[in-house]
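Accompanying notes for the structure given below.
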């Protein structure tokens, strides 16, 4: 009679390569290379959906277009206010503010997509699959960054067509778009965290209303900070983006100040993504 032996394989210390493969396959021990690969494929999934619905990007820039051409003309004489101290047209002044506002506004709805994934059961199927948990969250962040980049470049092009001038050149525009991506990641990650925690569209709408208008009007998007309480603007991350963009596209960019503000935004973005990942892990334990 032939005796069958069950190979303990990964549990045996005499087989190190099998042990390594076993631990690599366990949840929470996915290698960095695997995480990057999963992020790539999951991001591709989201971008394919975005390509199939290009009107989503088109409609997302309608409000900035209204601000750009309607309010840009309506308030063009604001730069003549004593103390405004801006050398250029009001359209030049307005474009960086609109890019920052658009990045914040559109990314704050990211939690809606997360709720839809939960309701459709897609997220739970990913949890049952050997997919990197960090990769699932990173894919959402990267997809939002791509959308923000496209939308920001559209606004840059529309501003140029309307008469705005970017004296900082390509480098200045790139810095402005990079800052908009960072602030988008900040609010997109927070929106995802709210979506997974509360699983309520009404909650996301409430968060949007609570943050969007105060941060927008307490920034220098429409008015110089010299004409408003300085302590408010200095602690407003949206205003950091506006200041980065406005300085970067000026004739004499202050790259040192731009670097400091970008570093602050990067730290804030990493912290918010970490909160989002922690919330995702909490969600995983409760399903």
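The values are calculated or read from the model by the stated rules, or taken from the named source; none is laboratory data. None of the values given here were measured: they were computed from a predicted structure. Glycine gets a Cβ as well: all are built from the backbone with ideal geometry, and neighbour counts include every protein chain shown.
Quick grid of which residues meet (1) under 19 Å from residue 182 (Cβ atoms); (2) crowded, with 19+ Cβ neighbours inside 10 Å; (3) without any contact (Cβ under 8 Å) to a residue 24 or more places away in the chain:
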site: 215; (1), (2), (3): yes, yes, no
site: 223; (1), (2), (3): no, no, no
site: 235; (1), (2), (3): yes, no, yes
site: 257; (1), (2), (3): yes, no, yes
site: 260; (1), (2), (3): yes, no, yes
site: 266; (1), (2), (3): yes, no, no
site: 272; (1), (2), (3): yes, yes, no
site: 281; (1), (2), (3): no, no, no
site: 284; (1), (2), (3): no, no, no
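Can you tell me which residues in the stretch 72-99 are surrounded by fewer than 16 Cβ atoms within 10 Å (Cβ to Cβ) and under 10 Å from residue 222 (Cα atoms)?
Within the stretch 72-99, 75 is the sole residue that qualifies.
So which residues in the stretch 157-168 are in a helix (DSSP H, G or I) and surrounded by fewer than 22 Cβ atoms within 10 Å (Cβ to Cβ), if there are any at all? Working first, answer last.
Restricting attention to the stretch 157-168, the residues satisfying the condition of being in a helix (DSSP H, G or I) are 157-162.
Hits for the stretch 157-168 are 157, 158, 160, 161, 162.
For the stretch 237-255: of the residues being surrounded by 16 or more Cβ atoms within 10 Å (Cβ to Cβ) and not in a helix (DSSP H, G or I), which is nearest to the chain's Cα centre (by Cα)?
Going residue by residue through the stretch 237-255, those that are surrounded by 16 or more Cβ atoms within 10 Å (Cβ to Cβ) are 237-250, 253.
Within this subset, residues satisfying the condition of being not in a helix (DSSP H, G or I) are 249-250, 253.
Working: 249: 21, 250: 24, 253: 24 Å.
Ranking the qualifying residues of the stretch 237-255, first place goes to 249.
Scan 178, 171 and give me the residue that is surrounded by fewer than 16 Cβ atoms within 10 Å (Cβ to Cβ), at pLDDT 85 or above, part of a helix (DSSP H, G or I) and out of contact with any helix residue (DSSP H, G or I) (no Cβ under 6 Å at 6 or more places or on another chain).
Working: 178 fails: surrounded by fewer than 16 Cβ atoms within 10 Å (Cβ to Cβ).
The conditions single out 171.
Could you check, for the stretch 129-143, whether at least one of its residues is out of contact with any strand residue (DSSP E or B) (no Cβ under 9 Å at 6 or more places or on another chain), free of Cβ contacts under 8 Å to residues at least 60 places away in the same chain, surrounded by 18 or more Cβ atoms within 10 Å (Cβ to Cβ) and in a helix (DSSP H, G or I)?
Initial filter on the stretch 129-143 (out of contact with any strand residue (DSSP E or B) (no Cβ under 9 Å at 6 or more places or on another chain)): 129-143.
With free of Cβ contacts under 8 Å to residues at least 60 places away in the same chain added as a condition, the list becomes 129.
When the remaining residues are screened for being surrounded by 18 or more Cβ atoms within 10 Å (Cβ to Cβ), the result is none.
Within the stretch 129-143 (the criterion being out of contact with any strand residue (DSSP E or B) (no Cβ under 9 Å at 6 or more places or on another chain), free of Cβ contacts under 8 Å to residues at least 60 places away in the same chain, surrounded by 18 or more Cβ atoms within 10 Å (Cβ to Cβ) and in a helix (DSSP H, G or I)), the answer is no, since none of the residues qualifies.
Which condition does residue 125 not pass, out of (1) in a helix (DSSP H, G or I); (2) closer than 29 Å to residue 92 by Cα, if it passes all the others?
Evaluating residue 125 over (1) in a helix (DSSP H, G or I); (2) closer than 29 Å to residue 92 by Cα leaves (2) as the failure.
What tally of residues in the stretch 35-86 results from selecting those that are farther than 17 Å from residue 153 by Cα, outside any helix (DSSP H, G or I) and in contact (Cβ under 8 Å) with a residue 12 or more places away in the chain?
Selection size over the stretch 35-86: 6.
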